[in-house]
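None of the figures in this text is laboratory data; all of them are computed from the coordinates on show. The model shown is predicted, which means the values in this text are computed figures rather than measured ones. Quick reminder, even Gly has a Cβ in these numbers, built from the backbone with ideal geometry, and neighbours come from all protein chains shown.
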Amino acid sequence: MNEQGKPSDTPDFSSGKPVVSLKTVDLVEDFLEGHAQILPINHVQHELYIINVHHVLDAIDYQYAVVDRYDDGTFRKFREYAFLEDKLIDQHIFKIPEQPLIKVFVSDLFRERCLSANLKGFTFIEVWDSEKESTTKNSDLVVYGITDIPAISVGYADAAQLLLNGKAIASGKWKLQKDEIGNILLGELLDDGEYHWIDPVYYLPIFHELKWQEVEHSDIP
């Protein structure tokens, strides 16, 4: 179930580890073999599984990728992804070494299979298309990042206590966490999969009606 009480085949995606339904596992199990652990969850109502993707591809094409770096030159995030085509042949679900904890990437075939089966809850964000990369490319490879709606967890009062204790919390597209000096910032998830952060003057009243869960901290610009 998602936070609005609607059925979902992927009710949680915290920490880069999808939680999915049995229907999802059955549908994409051949893609997961050798690339991810399928770990059952003890749930009182639903048969759910954690998909722990351990397949990491060193496949970024730095000739075309656009990278943000910290002042010391270390990697911060990608503004635009680009991949080496030869590394993506028959690769349908993977992570990259630059972002091993927070990003899971899938192929167009993975996406099409999920859409054809009418799986609920998945959001596929196109991050790279080989046909748009260069006129010298002769294949059509598309890579998607996947995300979803956080699972039912706790009310805002309990979530606020987690926040004060230094945890990050999220509900739908909203995320709250402290910055390096202790200010509580509000993030809104954008279509590119990144958060836009502000220092809010006030919190939306609807926040008190949402369900929240503890999630992994984001890097804040």
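Quick look at the numbers
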item	result
Stretch gain in nm, segment I41-E126, where the contour uses 0.36 nm per residue and the Cα spacing is subtracted	27.7 nm
Segment 155-221: chymotrypsin sites (Phe, Trp or Tyr not before Pro) in DSSP loop, at most 11 other beta carbons within 10 Å	Y202
Relative contact order [Cα under 8 Å, 6+ residues apart], segment 14-147, whole percent	21 percent
Fewest-first ranking of R76, R69, using other Cβ atoms within 10 Å as the exposure measure	R69, R76
Packing-based exposure ordering (other Cβ within 10 Å, fewest first) of K173, K178	K173, K178
Length added when fully stretched, R69-H54, from 0.36 nm per residue minus Cα-Cα	2.9 nm
